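The values are calculated or read from the model by the stated rules, or taken from the named source; none is laboratory data. The model shown is predicted, which means the values in this text are computed figures rather than measured ones. Neighbour counts are summed over all protein chains in view; Cβ atoms, including those assigned to glycine, are modelled from backbone coordinates with ideal geometry.
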Amino acid sequence: MKANSAFKIAVMPGDGIGNEVTQPCLDILDAAAARAGGFALAYETLPAGAACYRDTGSALPAATMAAARKADAILLAAMGLPHIRYPDGTEIAPQLDLRVELGLYAGVRPARMVLGTPPVLADARAATIDFVLIRESTEGLFALRGKGTNVGDVEARDTMVITRATSERLFDFAFRLGRARKRLGRPGKVTCVDKANVLQSFAFFRRIFDERAARHPDIDAGHAYVDATALAMVRRPWDLDVLVTENMFGDILSDLAAGLVGGMGMAPSADIGDEHAVFQPCHGTAPDIAGQGKANPTAMFLSGAMMLEWLAERHEHRGCAMAAALIRTAVDEAFASGRLVPAEMGGPAGTHAVLGAVMAALNQIDPGRVAAG
C-alpha cells in the first residue's frame, strides 16, 4: 500500500468541453474519496493541447511531460481543435504522444449500458451490454503517425507495425482482465479481432495471441475478423466480453461500442502501460457545444472511477477501490429513474444537472452496501 495514501494526479483539461467536464469530475472524485476514507488526491493542472500549441508552439510542453511522468496517474479530459493543426494538416493530438512516450500499450474501452438511459437497440437484452474493447495504443497503423510518405502527389503510404514484444504484453493484459471479469460473473472470454485472412501482419498478431492463450488455459480464447465483429457488435453486443485488437481497428470499434451504450458522453477509457496510465473520456473536444454547458460529464466521472480502480490495484489500496465503486453506483442510481437525460441524448440535462444528480446519489449511498473491487 502507498505509504502516505496521498496520490498525485496530473490533470490535463485540454481544449473545448474538456475544460467544462474536468472540475465536475474532480468534485466527484473528492466526494468519493471523502466517503471512502483513507486517502487523498492532490491535483496538478497542466497545459497541453491545441490551444497550448497555438499559444506556445508546443502541444505537450516538456514541463508537462515531466510532471506527468512523476504523477501517480494522469487524468485527461479532451484535446484538439479542428481549426488548429500541424503544418502537415494533421490535428493536434498530444494524447497520442503520451501513449507512445509512456508506453501505454493497452487502450481499455469499456462498453456498459447504464440503466435508465435511452436505449439505442430495440431489444431488451441491450440492457445487459457489458463488454470491454482493448485497443493496442502504440503501434498498428498509428505507429508511423507523422512519418507517412506522399510520392509525387500520386501515391501515399502509411505502414502498419506489429511487434512481438508489445503484442505479448497486450494479450497478457487482456487475459488478466478476462480472468478478473470471470471472477465477477462475466464469461471471461477473450477474443482476438483481426484480419488474419488477408494481411500477414494480422496473421502474426493472431499467432502471438494463440501462443499467449496457451499460457492462460483457464480463460476461453477465440478469434473473429474485424468486419464480422462490427456486425456482431450491432446484432448481439450482449454476447461479447473482452475483445483485443490493433490500434486502428480499436479506434473505429470503440466509437461503435460507445454508440451502443448511449454515445461518447457515456464512454470512459484508459490507456495503461507497465508503469503509467492515462484516464480520459472517449469523446473529443466538441467545439460545436463548447461553452454552452451541454457537455455530458458522465464519461469523465467513469474515467475517474477507472483511475481509482487502477490505483487500488497498483497500490493494494482498498479505499481507492471503494471510492471507484461509489462513483459507479452513484452514476447508475442517478440515471436509474430514466428522468436524467443528457442533452446529447435529446434531453434537458446539461453538465451541472448531471453533476448535481450524480453528486446527490453519491452522498446518499451507504458505503457499507457498495462492494469494492
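Please state which of the following conditions Ala325 fails to meet, knowing it meets all the rest: (1) part of a helix (DSSP H, G or I); (2) small (Gly, Ala, Ser); (3) within 15 Å of Leu115 (Cα to Cα). The single condition Ala325 does not satisfy is (3). Could you check region 248-263 and list, in sequence order, the residues that are of a type outside the set (D, E, K, R) and without any contact (Cβ under 8 Å) to a residue 40 or more places away in the chain? Selection gives Ile252, Leu256.
Okay, residues lined up against (1) of a type in the set (Asp, Glu); (2) modelled with pLDDT under 95; (3) buried (at least 24 other Cβ atoms within 10 Å of the Cβ):
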{"site": "Ala267", "(1), (2), (3)": "no, no, yes"}
{"site": "Asp271", "(1), (2), (3)": "yes, no, yes"}
{"site": "Lys294", "(1), (2), (3)": "no, no, no"}
{"site": "Met300", "(1), (2), (3)": "no, no, yes"}
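For region 117-160: of the residues being of a type in the set (S, T, N, Q) and surrounded by fewer than 17 Cβ atoms within 10 Å (Cβ to Cβ), which is nearest to Ala174 (Cα to Cα)? If we take residues in region 117-160 being of a type in the set (S, T, N, Q) and surrounded by fewer than 17 Cβ atoms within 10 Å (Cβ to Cβ), then Thr128 is nearest to Ala174 (Cα to Cα). Can Val21 be described as in a helix (DSSP H, G or I) and in contact (Cβ under 8 Å) with a residue 40 or more places away in the chain? For Val21, the condition - in a helix (DSSP H, G or I) and in contact (Cβ under 8 Å) with a residue 40 or more places away in the chain - is met.
Suppose we keep only residues that are out of contact with any Ser or Thr (no Cβ under 8 Å at 6 or more places or on another chain) and closer than 21 Å to Ala33 by Cβ within region 331-350. Which one would you say is surrounded by the fewest Cβ atoms within 10 Å (Cβ to Cβ)? Result: Asp332.
Please find, within region 328-357, the residue that is farthest from Gly262 (Cα to Cα) out of those that are free of Cβ contacts under 8 Å to residues at least 24 places away in the same chain and part of a helix (DSSP H, G or I). Out of the qualifying residues, it is Gly356.
Among the residues making up region 60-89, a single one is within 24 Å of Ala290 (Cβ to Cβ), of a type in the set (Gly, Ala, Ser), under 20 Å from the mean Cα position of the chain (by Cα) and part of a loop (DSSP other than H, G, I, E, B): Gly80.
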